[in-house]
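Peer 1: So that we are looking at the same thing, I have put the structure below in structure tokens.
The values are calculated or read from the model by the stated rules, or taken from the named source; none is laboratory data. Keep in mind that what you see is a predicted model, and the values were worked out from it rather than measured. Neighbour counts are summed over all protein chains in view; Cβ atoms, including those assigned to glycine, are modelled from backbone coordinates with ideal geometry. Note: accessible area is taken over every heavy atom of the protein model, side chains too, but ligands, DNA and RNA are not part of it. Shrake-Rupley method; radii C 1.70, N 1.55, O 1.52, S 1.80 Å.
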Amino acid sequence: MNVIIITGASSGIGKEFALQMDAAFSNVDEFWLVARSRDKLKETAAAMEHKTRILAMDITKDAQLERLEDTLTEKNAVVRILINCAGYGLMGSFEKQNREEMLGMIRLNCEALTNLTHRVIPFMRRGSRIIQLASSAAFVPQPDFAVYAASKAYVLSFSRAIGKELSDQGIYVTAVCPGPVRTPFFDIAEKTGTTLAIKKYTFVSPRRVVALALKDSYRRRAMSVCSIPIKGFQGLTKFVPHEIILEAMMLLKKKGFY
Ligand SMILES: NC(=O)c1ccc[n+]([C@@H]2O[C@H](COP(=O)([O-])OP(=O)(O)OC[C@H]3O[C@@H](n4cnc5c(N)ncnc54)[C@H](OP(=O)(O)O)[C@@H]3O)[C@@H](O)[C@H]2O)c1
């Protein structure tokens, strides 16, 4: 049985992946939709033509990922594509963060993504693909978004490294690095702080991010960066010393651009 697994499929970018791939793929038997909210996953499934399997689970719980792995074995599944979208961010100063929520972000964005990727690779075949949601926050450290940016730097570094390891087996990995995307992400992220005002001019739709990510994954690109301002930001972080960028961010903050 050929399957596509999407985490975070109940909302935002993950849901958009499910809908666009449902329309584009014909040789897939089932989409496995993963998130905690069963009702929202049902809404995603109801909008799709393909057969779906709803896996309502908290992927930070190892026992739940073990169940997913057992189901892959039972169904003799071949995973054609794994998309790791589940994730959250928290803005605001590090010292004022709620410790449990902050550590939960590392558990979800880094540990669960790594755990699931490791469990799923044995079910992949030549031509299978992995799409990991990193962020443009991965390009440079970000004051007032410190743990989130560090977690996404992990995702980007990890994805590029395993992409090299897996390419001999014909498995391709793409790290998607969008800037701000219009999704419920900010309902959680802005509970504890605000985003740099300048970033608000760079918002893109999930539709655009996902369409490019699918193209880049198909072209076996290691990274997918959507929109000219974010490509410009990526270029800047390659050529300008990070200390100067960090000082500029702090200056913007002092001038009230947060
Ligand atoms: N939006 C942006 O501006 C932006 C920019 C760059 C990168 N990203 C990244 O893109 C990814 C998707 O974000 P989004 O914008 O689509 O945000 P979103 O709409 O808030 O979606 C987050 C998804 O993660 C799921 N999730 C959260 N905790 C989970 C858990 N413990 N176990 C399983 N699923 C869990 C949520 O579903 P449940 O609540 O039902 O579990 C939801 O489906 C994230 O990794 C985010 O960091 C977003």
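Peer 1: Given the structure, is THR194 open to solvent by less than 90 Å² (accessible area, probe 1.4 Å) and either more than 26 Å from ILE130 (Cβ to Cβ) or touching a Ser or Thr at 6+ places or on another chain (Cβ under 8 Å) (or both)?
Peer 2: yes
Peer 1: Further, regarding this structure: Among the numbered criteria (1) more than 18 Å from LEU116 (Cα to Cα); (2) not in a helix (DSSP H, G or I), which single criterion is violated by ALA45?
Peer 2: Condition not satisfied by ALA45: (2).
Peer 1: Follow-up. Find the residue count for segment 181-196, including only residues that are within 22 Å of LYS254 (Cβ to Cβ), in a loop (DSSP other than H, G, I, E, B) and not β-branched (Val, Ile, Thr).
Peer 2: Residues in segment 181-196 being within 22 Å of LYS254 (Cβ to Cβ), in a loop (DSSP other than H, G, I, E, B) and not β-branched (Val, Ile, Thr): 3 in total.
Peer 1: Taking only segment 59-72 into account, find how many residues are surrounded by fewer than 16 Cβ atoms within 10 Å (Cβ to Cβ) and not β-branched (Val, Ile, Thr).
Peer 2: Matching residues across segment 59-72 total 6.
Peer 1: Restricting attention to segment 220-247, which residues are over 22 Å from ALA161 (Cα atoms), open to solvent by less than 50 Å² (accessible area, probe 1.4 Å) and free of Cβ contacts under 8 Å to residues at least 12 places away in the same chain?
Peer 2: Once the filter is applied, which keeps residues that are over 22 Å from ALA161 (Cα atoms), open to solvent by less than 50 Å² (accessible area, probe 1.4 Å) and free of Cβ contacts under 8 Å to residues at least 12 places away in the same chain, segment 220-247 yields GLY232, VAL240.
Peer 1: Then there is this: Go through (1) more than 15 Å from the ligand (Cβ to nearest atom); (2) without any contact (Cβ under 8 Å) to a residue 12 or more places away in the chain and name the single condition SER93 misses.
Peer 2: (2)
Peer 1: Only residues that are open to solvent by less than 20 Å² (accessible area, probe 1.4 Å), closer than 18 Å to LEU108 by Cβ and in contact (Cβ under 8 Å) with a residue 24 or more places away in the chain: list them for segment 33-58, please.
Peer 2: LEU33, VAL34, ALA35, LEU41
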